[in-house]
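Novice: The structure's right below; bear with me while I get my questions together.
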Amino acid sequence: MPTTKPLCVAGFVVGALMLAGCPVTSSGDDAGPSDASESGRPLEQFGVHGANDSVFDPLAPEVGASWVRHGSGVFSWGLIEKTKGSYEFTKQDALVSASSAAGIHVLATIRSLNLWDQCPTGCAQPAGHMLYPKDEAAYLAFIRAMVERYDGDGKDDAPGSPFVDGWQIENEVDGSFWDDTPQSYARLILKTAQVIREESPKAMVVVAGASAPRGWTDFYRPMLVELERIAPGQRLFDAVDLHWFGYAGEYLSFHGHELVSVLAEMRADLKAHGYEGTPIWITETATHAGKAVVDQFGTTLPEQDERTQAAELLRRYAHFLGQGVEKVFWVRLTELHHSSAEPGRANDFFESTGLINNALNAGDPLDPADDNDSSKKLAFFSYKLLAMKTRDCDWTSAQNHNGATQGLFHYSVSCPNRGRVHLAWLDPAPPSGSATISLPVTTAAALTTTGVPTTTQGKQVADFATAFATAKVQASSGKVEVTLGREPLLIEEDQ
């Protein structure tokens, strides 16, 4: 019967190796920057979004997530203070309490829109009205009341004193969620962060996620310039955020921008404006699985099966974390279902990226197998495997060593008292579909585990413990030979 051993990662060594096989070096001379911090904040790297923003998904602990991101549709000024001076936190109390009770860290995304503030004479929709609050004092009073409620100090708290670990100020301000200028957003960060620091000093402040690589250059760079001007010498936030979606294979490059180059640009800008070493998070990433999936315009996207999605999930987490990204959140744990509260197109991208099927997403004649299906996808089990084996390790100490190409990516990692672990795959694969490489080990043998279960669909997995193909490989002269394909393979030194 297949078995696995615990896998742990601390120093992440990244390199593309020769197909003929070569040892991994770890001189550190060309190591990329690490976003590690000594602030004492939780280092867990694995995050998710729930099925929707207003309900905690109880399967988050099972999949191995350490963080859950609750969107701006919940921690919205306009939702909580519908009438000026009167706050309603019932929904938020339940959400934060459930997350805290499950041992999951909470990242809450704040939205500063309130229609009575932006449109005192009334307006039908928020589009075009996402501006800096007109009544700044009322907005900051709301922020103070909300942050105090979830600071866990036992005073003026929600029942049970649950704690919000991180407050994210808005979402995708370079896109459709903000109609004001970078300079106005800089002021929003300044004023909001000052209140958060006062009311909940242990909570992190996170900048809104950039919706696309170009957005960082066009919006966030001038925002940093303005922030340095109005708050010189102050460090008002603890992390920045980049969103990275796309098809399978676009973990490397998205919208014509290579991830490695974008991260380097972000780090250079942060350093230039007084935020050197600030961690970069990716709080939104995903690719879809399904037939007849459409984008927001109704255009049919390329079909991707469950194996493709699962392999891409592993490549994204490995590549992002290996390049020094501190936390990665998959969108979503359970598939989104569009409704009056969550508008959108049926069977669109965001109804198809979840790790668990949503039985409400039914009625597509081109994909009848999806009807009434609430099964876990293969990506659920791949996420669980990687998180289970690495979540107690410090991926932020990653070291990056680039080697030869030939389409072979290889990550070598270590944990205290665990030996070394390797994660490797081919992209693109050679015409033969596989290649054999030699890896250095310090033990007499190594254990290999496929990163994706052996079945074609998650609903066919009967037992997680036996879902993956494993093998024991004997070492010769301090090396083991393994055969790789496009799906990532885990190789653990046999302790």
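Please treat every number below as a calculation from the coordinates, not as lab data. Note that the coordinates shown come from a computational prediction; the quantities given were computed from them, not determined experimentally. Here Cβ is always computed from backbone atoms with ideal geometry, including for glycine, and neighbour counts include all displayed protein chains.
Novice: Under 8 Å for C-alpha pairs, at least 6 residues apart: give me the relative contact order for segment 46-390, rounded to a whole percent.
Specialist: 15 percent
Novice: Quick check: pseudo-label points 7 Å beyond the Cα along Cα→Cβ at Gln460 and Glu228, how many nm apart are they?
Specialist: 5.5 nm
Novice: What nm value, rounded to one decimal, do you get for the distance between Ser176 and His255 when each label is placed 7 Å out toward the C-beta?
Specialist: Computed distance between label sites Ser176 and His255 equals 1.4 nm.
Novice: Let me ask something else. Could you give me the percent of Cα pairs per 10 Å distance bin for segment 208-263, shortest bin first, beginning at zero and ending with the bin that holds the maximum distance?
Specialist: Cα pair-distance distribution for segment 208-263, in percent: 21, 46, 23, 9, 1.
Novice: Based on other C-beta atoms within 10 Å, arrange Leu59, Leu336, Leu252 from fewest to most. Walk me through the intermediate numbers first.
Specialist: Working: Leu59 19, Leu336 24, Leu252 14.
Fewest-to-most Cβ neighbours within 10 Å comes out as Leu252, Leu59, Leu336.
Novice: Then there's this: Within segment 260-293, what residues put their amide N at less than 19 Å from the label point 7 Å along the Cα-to-Cβ vector of Ala346?
Specialist: Only 289-293 pass the distance filter.
Novice: Using Cβ contacts closer than 10 Å as the measure, can you line up Trp116, Trp281, Trp244 from fewest to most?
Specialist: Arranged by neighbour count, lowest to highest, Trp116, Trp281, Trp244 become Trp116, Trp244, Trp281.
Novice: Determine, from the Cβ-Cβ distance of Glu265 and Asp153 and an R0 of 35 Å, the FRET efficiency 1/(1 + (r/R0)^6), rounded to the nearest 0.05.
Specialist: Rounded to the nearest 0.05, the efficiency is 0.35.
Novice: Compute the distribution of all C-alpha to C-alpha distances in segment 90-218, in bins of 10 Å from 0, and list the percent of pairs in each, rounded to whole numbers.
Specialist: 12, 40, 33, 14, 0
Novice: Highest mean first, what order results for 132-143, 443-454 on Cβ atoms within 10 Å? Please report the intermediate quantities before stating the final value.
Specialist: Values: 132-143: 17.5, 443-454: 19.3.
So the order, starting with the most tightly packed, is 443-454, 132-143.
Novice: State the three equivalent ellipsoid semi-axes of segment 46-390, derived from the C-alpha gyration tensor as the square roots of 5 times its eigenvalues, in descending order and whole Å.
Specialist: Listed largest to smallest, the semi-axes of segment 46-390 are 31, 24, 20 Å.
Novice: Residue separation times 0.36 nm, minus the C-alpha to C-alpha distance between Asp135 and Ser86: what's the value?
Specialist: Extending this stretch completely gives an extra 16.1 nm.
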